[in-house]
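Working notes for the structure below.
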Amino acid sequence: MFSRILYPTDFSSVSEKAADYIHRLREAGAAEVIVLHVIDSASLMAPTTPGVLGGIGATPALNQRAIDDWRDSATAECAKLADSFTAAGFLARSIIDVGDPADVILRTAEEEGANVIVIGATGKGHIAELILGSVSDTVIRRSHLPLLVIKP
């Protein structure tokens, strides 16, 4: 059934809640968990200030050291999550990637042969999702895999 789970996390409380559901899937035969954290490439950029010609585009908002620190922190958090899944009897590993979160989640699910994606959804509401976008909403609309969506 759902032997290989992709678990994208942003380390929020709703993502933690999703991890609890994954532990319950062990009893249903789930065997492997791939913990994924995506560093949103858009958050690494800042809009340019308006200039004489309009200043269209973006510039790096963080220096390489800040990005490396972010990656190191995410790697440590994902390792803790993978260890907790291993302790519960799963095969578990983690992946850290940079890009558009929804795109990376969907690509990773395909590349890793996931059977299901277990994802937390913040539930900001339709207006906020129209303005801000929603990673979980995009994954729900574009995924060809079954999803377990966990709300707060």
Could you tell me which residue of the range 62-96 is nearest to SER12 (Cα to Cα), considering only residues that are among the acidic types (Asp, Glu) and surrounded by 12 or more Cβ atoms within 10 Å (Cβ to Cβ)? GLU77
Restricting the range 97-152 to residues that are open to solvent by 50 Å² or more (accessible area, probe 1.4 Å), within 11 Å of the chain's Cα centre (by Cα) and modelled with pLDDT under 95, the one nearest to ALA42 (Cα to Cα) turns out to be ASP100
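Answer yes or no: is there a residue in the range 68-89 that is under 25 Å from GLU27 (Cβ atoms), assigned to a strand (DSSP E or B) and not charged (D, E, K, R). Give the steps one after another, and end with the answer.
Within the range 68-89, the subset under 25 Å from GLU27 (Cβ atoms) is 78-89.
Of the ones still in play, those that are also assigned to a strand (DSSP E or B) are none.
The answer is no, given that none of the residues of the range 68-89 is under 25 Å from GLU27 (Cβ atoms), assigned to a strand (DSSP E or B) and not charged (D, E, K, R).
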Looking only at residues that are open to solvent by less than 10 Å² (accessible area, probe 1.4 Å) and not in a helix (DSSP H, G or I) in the range 13-39, which one is modelled with the lowest pLDDT? ILE39
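The values are calculated or read from the model by the stated rules, or taken from the named source; none is laboratory data. Everything numeric here is computed off the predicted structure, so don't read it as measured data. All Cβ positions, glycine included, derive from the backbone under ideal geometry; neighbour counts span all protein chains shown. Heads up: the accessible areas ignore ligands, DNA and RNA and are worked out on the full protein's heavy atoms, side chains in. Shrake-Rupley method; radii C 1.70, N 1.55, O 1.52, S 1.80 Å.
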